[in-house]
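The values are calculated or read from the model by the stated rules, or taken from the named source; none is laboratory data. None of these values were measured; they are calculated from a predicted model. Don't worry about glycine lacking a Cβ; one is built from the backbone with ideal geometry, like all the others, and counts go over all protein chains shown.
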């Protein structure tokens with residue numbers, strides 16, 4: 001076992017993960033390090049506005065590319081891949097125009113729906129954020145396709161540094177929590193611009209292969225991504241954002257801010273690791289799948305190491321959450337630690353599952369994945385409705401976390417069954 005572990009540490013996979021995580025880790029450390037300062041500058045209500053804005057663009061961002069960025073890794077031919085990238089950016093631009101029209105006519109209704117008048121002003125920036133997300137997502141998968149993980153790491157770092165710097169520097173100029181949103185938008189702009197420059201310098205020769213006909217052709221060939229993956233991820237993202245939307249509607253913006261802080265402090269470090277590993281691991285597994293090579297040993301080892309890496313940090317967060325928040329952020333944020341404690345069981349299981357979310361796409365089982373997410377949404381709504389009925393934020397979040405945990409466990413079991421079935425069905429000559 002030790003030899004296998006040492007061999008894995010020296011492998012290309014871990015070198016690529018380390019490359020991604022070096023830049024991304026620095027970025028996340030910077031982002032997290034300023035939070036004790038931000039909590040002194042901004043109130044929980046300000047964080048509520050910021051959390052609401054980010055939840056909205058997380059949903060529009062899911063739609064921004066039609067999920068075609070996920071298909072960029074699939075074709076063996078770069079001509080198909082570049083047209084998938086171009087199609088994703090085109091969809092992002094088209095969606096942003098539609099969102100701008102919706103904002104023009106319905107921005108006041110957004111404020112009424114979420115009982116937050118401040119969001120009306122910032123709704124104007126939702127189309128821009130959505131388009132920038134499309135560029136960033138497409139670029140990440142294109143650069144990962146070519147194993148250019150260094151540029152992805154630098155883009156993440158540039159985005160985070162700008163984001164953090166603006167949040168700190170604009171608080172006296174942009175009031176009411178707007179500085180937090182301005183920082184996020186500024187980071188998105190820098191990240192997208194970085195990738196655009198690198199596209200032009202490194203891959204501009206591929207642009208000549210882009211055409212409307214080719215985009216439509218690959219769009220039809222990979223129809224499963226907008227047809228199944230998009231609804232699947234959209235319902236999953238809406239499901240994950242339920243606490244933000246329901247807390248805003250049935251409780252207060254302060255509750256949203258406290259929840260947003262608690263969720264961010266455990267989700268951002270977790271997301272740092274899972275995103276880096278998933279980006280590299282998916283590319284590795286997809287290549288093996290295309291070559292009809294065995295997959296189970298890689299999947300098993302990833303799940304095992306994920307559990308070993310995460311068990312202690314999650315235990316500490318689950319036991320000492322309120323104390324940690326009180327010491328680092330001040331007594332006013334101790335409640336965020338209590339909210340975080342309720343989310344720990346779900347997020348621990350999600351830490352392992354999130355690195356394997358590409359498997360349904362690879363095995364063309366998006367319909368089943370959609371069913372899992374639909375069940376989770378229904379269970380979450382039911383659980384949170386109970387909490388709302390009893391006017392208890394704790395009960396609402398506890399039932400939300402329990403429903404999420406049960407479905408994530410079932411999803412991991414399903415992933416294992418998919419891989420095991422593939423192992424049995426592989427042609428004998430590939431053994």
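If you scan the stretch 40-90, which residues turn out to be farther than 30 Å from residue 169 by Cα, in contact (Cβ under 8 Å) with a residue 12 or more places away in the chain and surrounded by fewer than 24 Cβ atoms within 10 Å (Cβ to Cβ)? Even if it seems obvious, please write down each step before you answer.
Taking the stretch 40-90 first, the residues farther than 30 Å from residue 169 by Cα are 63, 65-90.
Filter once more, so that each one left must be in contact (Cβ under 8 Å) with a residue 12 or more places away in the chain: 63, 65-76, 78-90.
Of everything in the stretch 40-90, those that are farther than 30 Å from residue 169 by Cα, in contact (Cβ under 8 Å) with a residue 12 or more places away in the chain and surrounded by fewer than 24 Cβ atoms within 10 Å (Cβ to Cβ) turn out to be 63, 73, 74, 75, 76, 78, 79, 80, 81, 86, 89, 90.
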Original post:
Which residues, taken from the stretch 360-398, are closer than 30 Å to residue 337 by Cβ and free of Cβ contacts under 8 Å to residues at least 24 places away in the same chain?
Top reply: 378, 382, 383, 385, 386, 387, 389, 390, 391, 392, 395
Original post:
Scanning for something more than 28 Å from residue 384 (Cα to Cα), under 22 Å from the mean Cα position of the chain (by Cα) and in the same structural domain as residue 407 (by TED's automatic domain parsing), does the stretch 337-359 turn up at least one residue?
Top reply: yes
Original post:
Looking at 200, 185, 189, which is the one that is free of Cβ contacts under 8 Å to residues at least 60 places away in the same chain and within 19 Å of the chain's Cα centre (by Cα)?
Top reply: 189
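When you scan the stretch 126-221 for helices (runs of 4 or more DSSP H) that lie fully inside it, which ones turn up with 2 or more residues that are modelled with pLDDT under 90?
On the way: elements: 126-145, 149-169, 178-202, 212-221.
Passing ranges, in order: 126-145, 149-169, 178-202.
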Original post:
With respect to residue 32, is the statement that it is assigned to a helix (DSSP H, G or I) and either at pLDDT below 90 or surrounded by 24 or more Cβ atoms within 10 Å (Cβ to Cβ) (or both) true?
Top reply: yes
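This table checks each residue for (1) surrounded by 17 or more Cβ atoms within 10 Å (Cβ to Cβ); (2) within 21 Å of residue 58 (Cα to Cα); (3) modelled with pLDDT of 90 or more.
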{"site": "249", "(1), (2), (3)": "no, yes, yes"}
{"site": "279", "(1), (2), (3)": "yes, yes, no"}
{"site": "299", "(1), (2), (3)": "yes, no, no"}
{"site": "304", "(1), (2), (3)": "no, no, no"}
{"site": "341", "(1), (2), (3)": "yes, no, yes"}
{"site": "350", "(1), (2), (3)": "yes, yes, yes"}
{"site": "355", "(1), (2), (3)": "yes, yes, no"}
{"site": "363", "(1), (2), (3)": "no, no, no"}
Original post:
Of 327, 417, which residue is surrounded by fewer than 17 Cβ atoms within 10 Å (Cβ to Cβ) and closer than 30 Å to residue 224 by Cβ?
Top reply: 417
Original post:
Looking at (1) within 30 Å of residue 34 (Cα to Cα); (2) touching a helix residue (DSSP H, G or I) at 6+ places or on another chain (Cβ under 8 Å); (3) free of Cβ contacts under 8 Å to residues at least 12 places away in the same chain, which is the one condition that is false for residue 331?
Top reply: (2)
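Run down 227, 257 and say which single residue is assigned by TED's automatic domain parsing to the domain that holds residue 400, buried (at least 23 other Cβ atoms within 10 Å of the Cβ) and either within 26 Å of residue 379 (Cβ to Cβ) or touching a helix residue (DSSP H, G or I) at 6+ places or on another chain (Cβ under 8 Å) (or both). Reasoning before the result, please.
On the way: 227 fails: buried (at least 23 other Cβ atoms within 10 Å of the Cβ).
After ruling out the rest, the residue left standing is 257.
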Subject >> residue 293 in contact (Cβ under 8 Å) with a residue 60 or more places away in the chain, surrounded by fewer than 19 Cβ atoms within 10 Å (Cβ to Cβ) and in a loop (DSSP other than H, G, I, E, B) >> reply: yes
